[in-house]
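A short write-up of the structure that comes next.
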Amino acid sequence: MIRVRTAFQAALLLFLTQTLFAQVPQTTVELGMVEALSRESQGPFLEETVSALRADFARNGMALNVTRASEEEIARLVRQNRLDFFLAPSDLYRRLLLSGCSDIAVTHAAETTNPNRTQGALFLSRLGEEPDVPRSVSKGKVLRLGGEAGSVIVRGELIRHGLSGKASADLFAKIPVRADTDDETAAALRRLREGGLDLLILPVCRLERYCGSRTCSTADLGVLWPKQDTDMTCFHSTQLYPGTTLVATPSLTPFAHREILSTIFALKAGANGQRWHVATNFQTTDRTLRLLDDDAWAQVRQSSIRSFLNRWKGWIVFGLCALGFIVVHTVVLQVLVRRKTRELRHALTEQKRARRETELISRRLEKQRRLQTIGQMASLFAHELGQPLNAIGCYAHGIGKATENVEKRRAVEKGIQGIEDQVGRASAIVNRVRDYVRSQTVRDKVIDLGELVETAIGNFKITSLGNVPVVLKRECAGDELRVRGDSLELELVVTNLLRNASQAIQSIGKPEIRVKIFDRPGPGFEVSDNGVGLTEEKLAEIVQIGESTRPEGLGLGLSIVRDLVELHEGKIEFSLTSAGGLVVRVTLPPAREPDKECEK
């Protein structure tokens, strides 16, 4: 219970303290006033208002400090919160809405019954004429009476009659301005009648006030763009707006606000029937400012990006610098990585090339070593095998002499004759091997190439590897195709090619070897098989010395063939079939030109 009472007493004390402080007036109240308002027809009434406010504040122990400046300066002071209230045209008040301003009252003339429709403009021209406003302005034949209060009113009407916002601003800036006194009004009306002016712009009700105090005729004058309004008894060409506005800023205290209200509403009407009244509708002003793109939200609407940049430009510059550094760093890293990658690829390529060269040199050395060994074995083989072959020949001859039975002798003789033929052939091979090693063979005999190829095919079929079908085809212009060389060596060439082809197609379902004899462009023959899977890379390897497609092979078959063809001054070519089989084409120099056709 004690705690509740204590809390209640504290709350009551806080309320009384705030109330007392709220009633304490501030020492100095700052009033801002647009300087041009003092030079207009309502200037005396506004000065009377300022004097009354100063006297009322002085009675309450406060001082009123009045700052007279242009519209731009007053707006700057309001945004800096250096004014408590100010006097300005209604359009300036509406442009400063985002600063927290609120209207207190507006000036109200006797010619209107609506405080929201007090100010406007009258466009006067000679009767029956409607001047071209831009052309008349450029000729200096347009004049405006009044101050800054009518700027938005006139510009808004120009825009509504076809000018853009920028064009209206440029045009309005070129129109000369005079004070709306009686002398200036009389001189302007005289110039308009005499043709010195095409258009005269007056504040609303100015013509009626002027003609009301003296005798004047307006029968020769016409109103440009006339409008009708039941709230206003005066002629006007523009829409009607609230008058000069007394505006409070957020810094104005409630006490000062109350004193201002009591002072201005106690004032008597001015010379032209002006008095203060509460305005309730500023829509006309807002629409015109929006049309001019100069309302309170124009800066937010037009310069949102610019405002954002101005507010965060430091961080934006820092972010752009950081982003630029990251981009440059990334680009440099990419360049370095690409350069290093190229160097590594080049080094790897060089390493692979060096490895391939090393492997090639190693294989060549191995081939040379094997060839040297083969040469030594061939010499030993030829030397040692010659004597047993001679002995076999002698024995076979003796058996033939010793046979007495005629029938048996014929059979034995046939077998012995075969032994002798093969022994002779073996002896010839041994001698050729010896000659091959010593390179002493003479190759100048004329040989029938077709007969030699057929003999080689027959001998190939006798061997164990001769179970592969061999198809022979002739493509020549004569029955005989003669070349010069050694028959045994050329037969070895054909036999080796047949044997290599047979070994390459052992795993084929239907193996076949094709042999073709031709005479153009020179005499020669071609051996091909129907093998598969041989690539260009493998072909390049097997034509080298010592290479073989079989793991157990020494690779001497094609090497010997190539050497023998070269010894006969011939040419050997290797190619592949469409399926991957090997084609070997041998061309030899002719012994004479072919002269007869042969059947294909």
Original post:
Leaving out ligands, DNA and RNA but keeping every protein chain, what accessible area does V470 have, in Å² rounded to the nearest 10, with a 1.4 Å probe?
Top reply: 30 Å²
**OP:** Sort E343, E537 by accessible area with a 1.4 Å probe, largest first.
**Re:** E537, E343
Original post:
So what does C101 come to for accessible area, using a 1.4 Å probe and Å² rounded to 10?
Top reply: 10 Å²
**OP:** Would you please state which residues of segment 51-81 a label at S251 would reach in this model, taking the label point 7 Å out along Cα→Cβ and a backbone N cut-off of under 20 Å?
**Re:** 53-54, 57-58, 61-81
Subject >> Amide hydrogen neighbours beyond the local backbone of G222, cut-off 5 Å, H modeled >> reply: S125, R126, L127
Original post:
Using alpha-carbon positions, what is the distance between the centroids of segment 46-88 and segment 132-202, in Å?
Top reply: 31 Å
**OP:** Can you sort E489, E475 by 1.4 Å-probe accessible area, starting with the largest?
**Re:** E475, E489
**OP:** For segment 140-258, give the percent of accessible area contributed by carbon and sulfur heavy atoms, probe 1.4 Å, rounded to a whole number.
**Re:** 54 percent
Original post:
So, in nm, how far is label I316 from label R520 when the simple model puts each one 7 Å beyond its Cα toward the Cβ?
Top reply: 8.6 nm
Original post:
Which whole-number value in Å² is the accessible area per residue of segment 52-121, probe 1.4 Å?
Top reply: 38 Å²
**OP:** For K445, K510, K166, give the ranking by accessible area with the largest first, probe 1.4 Å.
**Re:** K510, K166, K445
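The values are calculated or read from the model by the stated rules, or taken from the named source; none is laboratory data. Small disclaimer: the values here were computed from a predicted structure and weren't measured. Neighbour counts are summed over all protein chains in view; Cβ atoms, including those assigned to glycine, are modelled from backbone coordinates with ideal geometry. Note: accessible area is taken over every heavy atom of the protein model, side chains too, but ligands, DNA and RNA are not part of it. Shrake-Rupley method; radii C 1.70, N 1.55, O 1.52, S 1.80 Å.
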